[in-house]
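Remarks on the structure that follows.
The values are calculated or read from the model by the stated rules, or taken from the named source; none is laboratory data. Just so it is clear, the structure is predicted and the values come from calculations on it, not from any experiment. We place every Cβ from the backbone using ideal geometry, glycine too, and count neighbours over all the protein chains shown. We work out accessible area using only protein heavy atoms, side chains counted, and drop any ligands, DNA or RNA first. Shrake-Rupley method; radii C 1.70, N 1.55, O 1.52, S 1.80 Å.
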Amino acid sequence: MQLQKEELDQMDRKFRLNLINSISGIKPANLIGTKSVDDQENVAIFSSVVHLGSSPAQLGFIMRPQTEIPRDTYPNIMETGFYTINHVSESFIKKAHFTSAKLGRGESEFDRMKLQQEYIGDFYAPFVKESPVKIGMKHLESISLPNGCIFVIGSVELIEVPDEVINSLGQLDLSSYLGVGISGLNTYYGLNMLESFPYVRENEMPEFE
């Protein structure tokens, strides 16, 4: 199949949506937890979390355009300044996926999907207890994108991860805790570590055939 932009524009909407959402490959599966100023907890799945830098430690993710009736995640982040990022593993894929449902304002996905909220120290936003990797974030900046989406940038304030999944170099073995990735909007893949290569230096390059 070969498609020009004009053909994409004329394609069936649902087919195009699925194609473009999956064409970028496997994306990380994360649950983002927030809490409103009146203590209403919220958690929702995202596949757009990206690394921005390690010093200072920053991560970003993309929010869909905010309509006249916005979802809970973004307003909670803007009002409180805090949120959590929680890795999804195979044991709770189904619960994590259904947090994408459009619940009514004031109804918590933690309760509806039977996920357990967890608080670490005095960090404001709730973590997902089932998640093996938990990251506490502080909002830094929101950038409007050309398509109406919002790129949310935050600083890493707290990390909780099992000692046994980190090697001597500080790298996480995602396969050790059955981490998952997302293709498109609703297809999940298991992650297996295939190989780990050294940091690339030109004078240490191997010969390729």
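Numbers below:
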quantity: Net charge dipole size for the chain [Lys, Arg +1 and Asp, Glu -1 on Cβ; Debye, nearest 20]; calculated: 760 debye
quantity: Prolate/oblate/rounded call for the stretch 1-72, Cα gyration tensor, a/c under 1.5 rounded; calculated: oblate
quantity: Estimated [θ] at 222 nm from DSSP helical runs (n ≥ 4, -39500 (n - 2.57)) normalised by residues in the chain, nearest 500; calculated: -4000 deg cm²/dmol
quantity: Candidates 199, 74, 189, ranked by Gaussian network fluctuation over the chain, Cα under 10 Å, top entry; calculated: 199
quantity: Förster radius 30 Å - calculated FRET efficiency between residue 80 and residue 129 (Cβ-Cβ, nearest 0.05); calculated: 0.90
quantity: Gaussian network model of the chain, springs between alpha carbon atoms under 10 Å - residue of 198, 75, 56 with greatest fluctuation; calculated: 198
quantity: Charged-residue dipole, Cβ positions (Lys, Arg, Asp, Glu), the stretch 74-167 about Cα centre, Debye nearest 20; calculated: 440 debye
quantity: List 37, 165, 156, ordered by accessible area with a 1.4 Å probe, largest first; calculated: 37, 156, 165
quantity: Whether the chain is rounded, prolate or oblate, judged on the alpha carbon gyration tensor where a/c under 1.5 counts as rounded; calculated: oblate
quantity: Portion, in percent, of the accessible area of the stretch 81-209 that falls on carbon or sulfur, probe 1.4 Å; calculated: 52 percent
quantity: Debye intensity ratio I(q)/I(0), log10, the stretch 133-186, q values 0.14, 0.16 Å⁻¹ (C-alpha model); calculated: -0.62, -0.77
quantity: Prolate/oblate/rounded label for the stretch 71-110 (Cα gyration tensor, a/c 1.5); calculated: oblate
quantity: Most mobile listed residue (147, 21, 76) in the chain, GNM with C-alpha springs under 10 Å; calculated: 147
quantity: 1.4 Å probe accessible area per residue over the chain, in Å²; calculated: 64 Å²
quantity: Computed accessible area, residue 51, all protein chains, 1.4 angstrom probe, square angstrom; calculated: 130 Å²
quantity: Principal axis dimensions, largest first and in whole angstrom, of the stretch 75-199 by Cα; calculated: 44, 37, 30
